[in-house]
Amino acid sequence: IDLTTTLNKLHFKTPLMNAAGVHCATTTELDDLLDSQAGGLVTKSATLQPRTGNPDPRYANLPFGSINSMGLPNQGLDYYLNYANATALTHPDFPILLSLAGQSLAENLQMLERIQASAFSGLTELNLSCPNVPGKPQIGYDFDQMKTILTAVFQTFNQPLGIKLPPYFDLAQFDLVADILNQFPLAFINTINSVGNGLFINLETETTVIKPKGGFGGIGGSYVKPVALANVRAFRQRLNPAIQIIGTGGVVSGGDLFELILCGADVVQIGTTLAQEGTPAFGRILTELERIMAQKGYATLADFRGNLKTL
Ligand SMILES: C=Cc1c(C(=O)O)[nH]c(=O)[nH]c1=O
(Lines give C-alpha, C1' and ligand atoms only; values in the text may rest on other atoms or scores of the structure.)
Protein backbone atom coordinates (compact mmCIF):
# COMPACT_ATOMS: atom_id res chain seq x y z
CA ILE A 1 0.00 0.00 0.00
CA ASP A 2 1.44 3.38 -1.07
CA LEU A 3 0.05 6.22 1.06
CA THR A 4 2.21 8.96 -0.47
CA THR A 5 0.71 12.12 -1.94
CA THR A 6 1.90 15.54 -3.05
CA LEU A 7 0.70 19.09 -2.42
CA ASN A 8 2.22 21.52 -4.89
CA LYS A 9 5.97 20.75 -4.54
CA LEU A 10 5.77 19.08 -1.13
CA HIS A 11 5.89 15.28 -0.89
CA PHE A 12 3.84 13.71 1.90
CA LYS A 13 4.72 10.20 3.14
CA THR A 14 1.18 9.97 4.51
CA PRO A 15 -1.91 12.02 3.51
CA LEU A 16 -2.84 12.99 7.10
CA MET A 17 -1.75 16.04 9.10
CA ASN A 18 -3.01 18.41 11.81
CA ALA A 19 -5.48 21.20 11.18
CA ALA A 20 -4.23 24.73 11.92
CA GLY A 21 -5.00 25.67 15.50
CA VAL A 22 -4.76 22.19 16.96
CA HIS A 23 -1.56 20.91 18.63
CA CYS A 24 0.54 23.50 16.75
CA ALA A 25 0.82 26.71 18.80
CA THR A 26 4.21 26.03 20.49
CA THR A 27 7.50 24.42 19.44
CA THR A 28 6.78 21.57 21.88
CA GLU A 29 3.49 20.80 20.16
CA LEU A 30 5.04 21.22 16.70
CA ASP A 31 7.95 18.87 17.53
CA ASP A 32 5.33 16.34 18.71
CA LEU A 33 3.83 16.48 15.20
CA LEU A 34 7.27 16.02 13.63
CA ASP A 35 7.74 12.84 15.66
CA SER A 36 4.31 11.46 14.77
CA GLN A 37 3.05 9.59 11.71
CA ALA A 38 1.62 12.83 10.30
CA GLY A 39 2.75 13.44 6.73
CA GLY A 40 3.23 17.17 7.37
CA LEU A 41 2.32 19.96 9.78
CA VAL A 42 0.69 23.38 9.75
CA THR A 43 1.37 26.06 12.35
CA LYS A 44 -1.28 27.90 14.35
CA SER A 45 -2.72 30.74 12.24
CA ALA A 46 -0.41 33.66 12.90
CA THR A 47 -0.81 37.41 13.24
CA LEU A 48 2.16 39.79 12.98
CA GLN A 49 2.26 40.27 16.77
CA PRO A 50 1.51 37.60 19.42
CA ARG A 51 -2.07 37.40 20.69
CA THR A 52 -3.45 35.99 23.95
CA GLY A 53 -6.86 35.31 22.40
CA ASN A 54 -10.27 35.05 24.04
CA PRO A 55 -10.93 34.36 27.76
CA ASP A 56 -11.24 30.77 29.03
CA PRO A 57 -13.17 28.51 28.85
CA ARG A 58 -12.83 28.87 25.09
CA TYR A 59 -12.77 25.20 24.00
CA ALA A 60 -15.01 22.29 24.94
CA ASN A 61 -15.20 18.65 23.86
CA LEU A 62 -18.75 17.63 22.97
CA PRO A 63 -20.48 14.22 22.56
CA PHE A 64 -19.86 14.25 18.79
CA GLY A 65 -17.10 16.83 18.35
CA SER A 66 -16.00 20.16 19.77
CA ILE A 67 -16.79 23.85 20.07
CA ASN A 68 -14.13 26.60 20.17
CA SER A 69 -13.82 30.33 20.31
CA MET A 70 -10.06 30.59 20.86
CA GLY A 71 -9.83 34.09 19.40
CA LEU A 72 -6.65 33.49 17.44
CA PRO A 73 -4.14 33.09 20.30
CA ASN A 74 -0.69 32.69 18.74
CA GLN A 75 3.01 33.47 19.27
CA GLY A 76 3.25 35.83 16.28
CA LEU A 77 4.52 35.14 12.76
CA ASP A 78 8.26 35.29 13.49
CA TYR A 79 7.97 32.47 16.04
CA TYR A 80 6.47 30.13 13.45
CA LEU A 81 8.66 31.35 10.59
CA ASN A 82 11.76 30.71 12.73
CA TYR A 83 10.44 27.26 13.64
CA ALA A 84 9.76 26.45 9.98
CA ASN A 85 13.21 27.57 8.86
CA ALA A 86 14.98 25.71 11.69
CA THR A 87 12.97 22.54 11.03
CA ALA A 88 13.76 22.71 7.31
CA LEU A 89 17.42 22.21 8.33
CA THR A 90 16.79 19.20 10.60
CA HIS A 91 13.90 17.67 8.61
CA PRO A 92 14.49 18.89 5.04
CA ASP A 93 11.81 16.69 3.47
CA PHE A 94 9.02 17.19 6.06
CA PRO A 95 6.20 19.32 4.57
CA ILE A 96 5.56 22.50 6.56
CA LEU A 97 2.62 24.84 6.03
CA LEU A 98 2.50 28.30 7.60
CA SER A 99 -1.02 29.52 8.38
CA LEU A 100 -1.74 33.27 8.43
CA ALA A 101 -4.79 35.08 9.79
CA GLY A 102 -3.98 38.78 9.62
CA GLN A 103 -6.73 41.07 10.92
CA SER A 104 -6.44 43.40 7.93
CA LEU A 105 -5.29 43.23 4.31
CA ALA A 106 -2.26 45.33 5.26
CA GLU A 107 -1.29 42.87 8.00
CA ASN A 108 -1.66 39.89 5.67
CA LEU A 109 0.46 41.60 2.99
CA GLN A 110 3.11 42.50 5.58
CA MET A 111 3.29 38.88 6.74
CA LEU A 112 3.46 37.56 3.18
CA GLU A 113 6.31 39.95 2.40
CA ARG A 114 8.17 38.75 5.51
CA ILE A 115 7.71 35.11 4.46
CA GLN A 116 8.82 35.86 0.91
CA ALA A 117 11.95 37.61 2.18
CA SER A 118 12.81 34.61 4.38
CA ALA A 119 14.27 31.25 3.40
CA PHE A 120 10.88 29.57 3.91
CA SER A 121 10.29 27.00 1.17
CA GLY A 122 7.06 25.41 2.40
CA LEU A 123 3.46 26.31 1.58
CA THR A 124 1.53 29.26 2.95
CA GLU A 125 -2.14 28.94 3.93
CA LEU A 126 -4.07 32.21 4.15
CA ASN A 127 -6.92 31.72 6.61
CA LEU A 128 -10.01 33.55 5.33
CA SER A 129 -12.37 31.83 7.74
CA CYS A 130 -11.63 32.56 11.39
CA PRO A 131 -15.10 32.74 12.97
CA ASN A 132 -14.03 33.79 16.45
CA VAL A 133 -12.48 37.25 16.45
CA PRO A 134 -15.26 39.44 17.91
CA GLY A 135 -16.31 42.14 15.50
CA LYS A 136 -14.55 40.54 12.56
CA PRO A 137 -16.86 38.92 9.97
CA GLN A 138 -15.44 35.93 8.13
CA ILE A 139 -13.75 37.07 4.92
CA GLY A 140 -14.82 33.80 3.31
CA TYR A 141 -18.45 34.99 3.45
CA ASP A 142 -17.69 38.44 1.98
CA PHE A 143 -17.08 37.64 -1.68
CA ASP A 144 -16.07 41.15 -2.75
CA GLN A 145 -13.52 41.38 0.09
CA MET A 146 -12.22 37.90 -0.78
CA LYS A 147 -11.66 38.97 -4.40
CA THR A 148 -9.93 42.21 -3.30
CA ILE A 149 -7.65 40.33 -0.91
CA LEU A 150 -6.70 37.62 -3.43
CA THR A 151 -5.97 40.24 -6.10
CA ALA A 152 -3.66 42.16 -3.75
CA VAL A 153 -2.06 38.97 -2.38
CA PHE A 154 -1.12 37.64 -5.81
CA GLN A 155 0.34 41.01 -6.78
CA THR A 156 2.62 40.77 -3.72
CA PHE A 157 3.41 37.10 -3.13
CA ASN A 158 5.15 34.85 -5.65
CA GLN A 159 5.45 31.71 -3.47
CA PRO A 160 2.86 28.89 -3.52
CA LEU A 161 -0.26 29.95 -1.60
CA GLY A 162 -3.47 28.27 -0.53
CA ILE A 163 -6.51 29.54 1.34
CA LYS A 164 -8.55 28.12 4.25
CA LEU A 165 -12.26 28.46 3.51
CA PRO A 166 -15.33 28.41 5.73
CA PRO A 167 -18.05 25.86 4.92
CA TYR A 168 -20.65 26.86 2.33
CA PHE A 169 -24.19 25.48 2.35
CA ASP A 170 -25.68 26.53 -0.98
CA LEU A 171 -24.93 25.22 -4.49
CA ALA A 172 -25.12 28.73 -5.97
CA GLN A 173 -22.47 29.80 -3.43
CA PHE A 174 -20.21 26.91 -4.50
CA ASP A 175 -20.55 28.19 -8.09
CA LEU A 176 -19.88 31.78 -7.11
CA VAL A 177 -16.88 31.07 -4.87
CA ALA A 178 -15.35 28.61 -7.35
CA ASP A 179 -15.68 31.23 -10.12
CA ILE A 180 -13.71 33.67 -7.97
CA LEU A 181 -11.05 31.15 -6.94
CA ASN A 182 -10.52 29.92 -10.51
CA GLN A 183 -9.32 33.42 -11.40
CA PHE A 184 -6.25 33.07 -9.18
CA PRO A 185 -3.13 30.84 -9.35
CA LEU A 186 -3.89 29.15 -6.04
CA ALA A 187 -1.78 26.14 -5.11
CA PHE A 188 -4.64 24.72 -3.01
CA ILE A 189 -7.75 25.37 -0.98
CA ASN A 190 -8.35 23.90 2.44
CA THR A 191 -12.00 23.17 3.14
CA ILE A 192 -13.62 23.28 5.69
CA ASN A 193 -12.82 25.43 8.68
CA SER A 194 -15.09 24.90 11.70
CA VAL A 195 -18.82 25.46 11.19
CA GLY A 196 -18.97 28.95 12.63
CA ASN A 197 -21.01 30.21 15.55
CA GLY A 198 -22.70 27.11 16.79
CA LEU A 199 -24.03 26.93 20.36
CA PHE A 200 -23.83 24.10 22.92
CA ILE A 201 -25.71 24.07 26.22
CA ASN A 202 -25.08 22.38 29.56
CA LEU A 203 -28.60 21.15 30.31
CA GLU A 204 -27.95 20.72 34.06
CA THR A 205 -26.62 24.21 34.70
CA GLU A 206 -28.58 25.82 31.86
CA THR A 207 -25.40 27.62 30.79
CA THR A 208 -23.24 27.80 27.68
CA VAL A 209 -20.05 25.69 27.76
CA ILE A 210 -17.58 28.34 26.52
CA LYS A 211 -17.22 31.95 27.71
CA PRO A 212 -16.46 34.12 24.64
CA LYS A 213 -19.21 35.52 22.40
CA GLY A 214 -22.05 34.39 24.69
CA GLY A 215 -21.08 30.77 24.09
CA PHE A 216 -21.08 30.89 20.30
CA GLY A 217 -18.16 29.02 18.72
CA GLY A 218 -16.85 27.02 15.77
CA ILE A 219 -18.12 23.44 15.65
CA GLY A 220 -15.79 20.60 14.68
CA GLY A 221 -15.72 16.82 14.79
CA SER A 222 -18.26 14.22 13.65
CA TYR A 223 -21.06 16.82 13.62
CA VAL A 224 -19.48 18.48 10.57
CA LYS A 225 -18.28 15.53 8.44
CA PRO A 226 -21.25 15.68 5.99
CA VAL A 227 -20.50 19.39 5.46
CA ALA A 228 -16.79 18.73 4.89
CA LEU A 229 -17.51 15.92 2.38
CA ALA A 230 -19.90 18.18 0.45
CA ASN A 231 -17.48 21.12 0.34
CA VAL A 232 -14.53 18.99 -0.82
CA ARG A 233 -16.71 17.31 -3.46
CA ALA A 234 -18.33 20.54 -4.67
CA PHE A 235 -15.01 22.37 -5.06
CA ARG A 236 -13.30 19.39 -6.69
CA GLN A 237 -16.12 19.35 -9.27
CA ARG A 238 -15.80 23.12 -9.89
CA LEU A 239 -12.15 24.14 -9.46
CA ASN A 240 -9.36 24.16 -12.03
CA PRO A 241 -7.54 20.82 -11.56
CA ALA A 242 -4.33 22.80 -10.91
CA ILE A 243 -5.87 23.92 -7.59
CA GLN A 244 -5.40 21.04 -5.16
CA ILE A 245 -7.62 20.39 -2.12
CA ILE A 246 -6.91 19.80 1.54
CA GLY A 247 -9.96 18.18 3.10
CA THR A 248 -10.70 18.95 6.74
CA GLY A 249 -13.63 18.27 9.01
CA GLY A 250 -15.04 15.35 10.99
CA VAL A 251 -12.33 12.76 10.36
CA VAL A 252 -12.30 10.21 13.19
CA SER A 253 -11.59 6.93 11.37
CA GLY A 254 -9.78 5.52 8.36
CA GLY A 255 -13.18 5.32 6.65
CA ASP A 256 -13.70 9.08 7.13
CA LEU A 257 -10.22 9.69 5.67
CA PHE A 258 -11.04 7.39 2.73
CA GLU A 259 -14.29 9.26 2.07
CA LEU A 260 -12.63 12.69 1.92
CA ILE A 261 -10.05 11.36 -0.57
CA LEU A 262 -12.93 9.74 -2.54
CA CYS A 263 -14.43 13.26 -2.76
CA GLY A 264 -11.14 14.55 -4.18
CA ALA A 265 -8.89 15.54 -1.27
CA ASP A 266 -5.12 15.37 -1.88
CA VAL A 267 -4.27 15.79 1.80
CA VAL A 268 -6.56 15.49 4.85
CA GLN A 269 -6.33 17.28 8.21
CA ILE A 270 -7.65 16.37 11.67
CA GLY A 271 -8.48 18.91 14.38
CA THR A 272 -10.97 17.69 17.01
CA THR A 273 -9.77 14.06 16.83
CA LEU A 274 -6.17 15.23 17.35
CA ALA A 275 -7.23 17.48 20.24
CA GLN A 276 -9.06 14.58 21.92
CA GLU A 277 -6.76 11.60 21.13
CA GLY A 278 -3.32 13.18 20.64
CA THR A 279 -0.80 12.24 17.97
CA PRO A 280 -1.48 8.46 18.20
CA ALA A 281 -4.61 9.31 16.19
CA PHE A 282 -2.46 9.63 13.06
CA GLY A 283 -1.17 6.03 13.20
CA ARG A 284 -4.59 4.62 14.14
CA ILE A 285 -6.41 6.37 11.30
CA LEU A 286 -3.69 5.55 8.73
CA THR A 287 -3.70 1.86 9.73
CA GLU A 288 -7.49 1.81 9.33
CA LEU A 289 -7.13 3.44 5.88
CA GLU A 290 -4.57 0.84 4.77
CA ARG A 291 -6.92 -1.96 5.86
CA ILE A 292 -9.79 -0.47 3.83
CA MET A 293 -7.58 0.04 0.77
CA ALA A 294 -6.32 -3.55 0.98
CA GLN A 295 -9.88 -4.90 1.27
CA LYS A 296 -10.91 -2.88 -1.80
CA GLY A 297 -7.80 -3.75 -3.80
CA TYR A 298 -6.43 -0.19 -4.03
CA ALA A 299 -2.62 0.16 -4.02
CA THR A 300 -2.37 3.95 -4.15
CA LEU A 301 -4.52 6.98 -3.20
CA ALA A 302 -4.78 7.90 -6.88
CA ASP A 303 -6.56 4.58 -7.49
CA PHE A 304 -9.69 6.04 -5.87
CA ARG A 305 -9.17 9.81 -5.35
CA GLY A 306 -12.16 11.79 -6.60
CA ASN A 307 -13.98 8.66 -7.80
CA LEU A 308 -17.15 9.06 -5.74
CA LYS A 309 -20.01 7.55 -7.71
CA THR A 310 -23.56 8.91 -7.71
CA LEU A 311 -26.66 6.78 -7.93
C1 LIG B 1 -7.74 31.42 13.17
C2 LIG B 1 -8.75 31.39 14.01
C3 LIG B 1 -9.64 30.24 14.17
C4 LIG B 1 -10.07 29.86 15.43
C5 LIG B 1 -9.71 30.59 16.66
O6 LIG B 1 -8.51 30.90 16.90
O7 LIG B 1 -10.69 30.89 17.41
N8 LIG B 1 -10.92 28.81 15.59
C9 LIG B 1 -11.37 28.09 14.50
O10 LIG B 1 -12.15 27.12 14.66
N11 LIG B 1 -10.94 28.42 13.26
C12 LIG B 1 -10.10 29.48 13.03
O13 LIG B 1 -9.76 29.73 11.86
Check: Counting only protein chains, not ligands or nucleic acids, how are Met70, Met17 ordered by accessible area (probe 1.4 Å), most first?
Finding: Met70, Met17
Notebook entry, point to check: Sorted from largest down, what three extents in whole angstroms do the Cα atoms of segment 131-183 have along their principal axes?
Noted result: 31, 29, 17
Next item on the list: Multiply the residue separation of Ser104 and Leu62 by 0.36 nm, subtract the distance between their alpha-carbon atoms, and state the gained length in nm to one decimal.
Entry: 11.9 nm
Check: Any idea how far apart Thr90 and Thr52 come out in nm if each label point goes 7 Å out from Cα toward Cβ?
Finding: 3.0 nm
Item checked: Across Lys147/Lys213; Lys136/Lys213; Lys9/Lys164; Lys164/Lys211; Lys147/Lys309; Lys147/Lys211, pairs whose alpha-carbon gap is larger than 22 Å -> Lys147/Lys213; Lys164/Lys211; Lys147/Lys309; Lys147/Lys211
Item checked: Within the chain, percent of DSSP bridges classed antiparallel, to nearest 5 -> 40 percent
Check: With point charges of +1 on the Cβ of Lys and Arg and -1 on the Cβ of Asp and Glu, referenced to the Cα centre of the chain, which listed residue (Ala25, Gly271, His91) lies farthest in the positive direction of the dipole?
Finding: Gly271
Item checked: Ranking by accessible area, most exposed first, for Val22, Val42 with a 1.4 Å probe -> Val22, Val42
Checklist line | Residue-by-residue Karplus 3J(HN,Hα) for segment 102-119, coefficients 6.51, -1.76, 1.60, Hz, glycine and proline x | finding: x, 8, 7, 4, 4, 5, 5, 5, 4, 5, 5, 5, 5, 5, 5, 7, 8, 8
Checklist line | Over segment 82-132, volume per residue of the alpha carbon convex hull, in Å³ | finding: 82 Å³
Next item on the list: Compute the relative contact order of the chain as a whole-number percentage, counting only Cα pairs closer than 8 Å that sit 6 or more residues apart in sequence.
Entry: 21 percent
Check: Across 5 Å bins from 0, what is the distribution of all Cα-Cα pair distances for segment 5-68, in whole percents?
Finding: 4, 14, 19, 20, 21, 12, 7, 2
Note to self: What are the ³J(HN,Hα) couplings of segment 225-237, residue after residue, when phi is run through the Karplus curve with 6.51, -1.76, 1.60 and θ = phi - 60°? Round to Hz, x for glycine and proline.
What the structure shows: 4, x, 6, 5, 4, 5, 5, 4, 4, 5, 6, 4, 5
Next item on the list: Would you please give the residues with an amide H less than 5 Å from that of Ala46, counting only those at least 5 places away or on a separate chain, with H modeled from the backbone geometry?
Entry: Ser99, Leu100, Ala101
Margin query: Can you give me the orientation-averaged projected area of the convex hull built on the Cα atoms of the chain, in nm²?
Written below: 15.6 nm²
Check: Name the residues of segment 185-206 whose amide N is less than 12 Å from a point 7 angstrom out from the Cα of Gln173 along the C-beta direction?
Finding: 193, 195-197
Check: Ratio of Rg to Rh for segment 91-171, alpha carbon only, Kirkwood?
Finding: 0.99
Margin query: Given a 1.4 angstrom probe, I'd like the percentage of the accessible area of segment 1-150 that is carbon and sulfur, rounded to a whole number.
Written below: 53 percent
Notebook entry, point to check: Per residue, how much accessible area does the chain show when a 1.4 Å probe rolls over the protein heavy atoms, in square angstrom?
Noted result: 41 Å²
Check: Going toward the positive end of the dipole of the chain, with +1 on Lys and Arg Cβ and -1 on Asp and Glu Cβ, which of Leu41, Ile245, Gln145 do you reach last?
Finding: Gln145
Next item on the list: Over the residues of segment 136-290, compute the C-alpha Rg and express it relative to 2.2 N^0.38 Å.
Entry: 1.13
Note to self: Please report the carbon-and-sulfur percent of the accessible area for segment 163-311; probe 1.4 Å, protein heavy atoms only, DNA, RNA and ligands left out.
What the structure shows: 56 percent
Notebook entry, point to check: Can you list, bin by bin at 10 Å, the percent of alpha carbon pairs in segment 48-136, starting at 0?
Noted result: 15, 42, 30, 13, 0
Next item on the list: Using label points projected 7 Å from each Cα along Cα→Cβ, tell me how many nm separate Asn158 and Thr310, to one decimal.
Entry: 4.2 nm
Notebook entry, point to check: Taking a temperature of 20 °C and a viscosity of 1.002 mPa s, what whole-number D in µm²/s does Stokes-Einstein yield for segment 238-311 with Rh from Kirkwood over alpha carbon pairs?
Noted result: 166 µm²/s
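The values are calculated or read from the model by the stated rules, or taken from the named source; none is laboratory data. Only a predicted model underlies this, so the values are computations on that prediction, with no experimental measurement involved. As a convention, Cβ positions derive from the backbone with ideal geometry for all residues, glycine included, and neighbour counts pool all protein chains shown. In case anyone asks, the SASA skips ligands and DNA or RNA and just uses the protein heavy atoms, side chains included. Shrake-Rupley method; radii C 1.70, N 1.55, O 1.52, S 1.80 Å.
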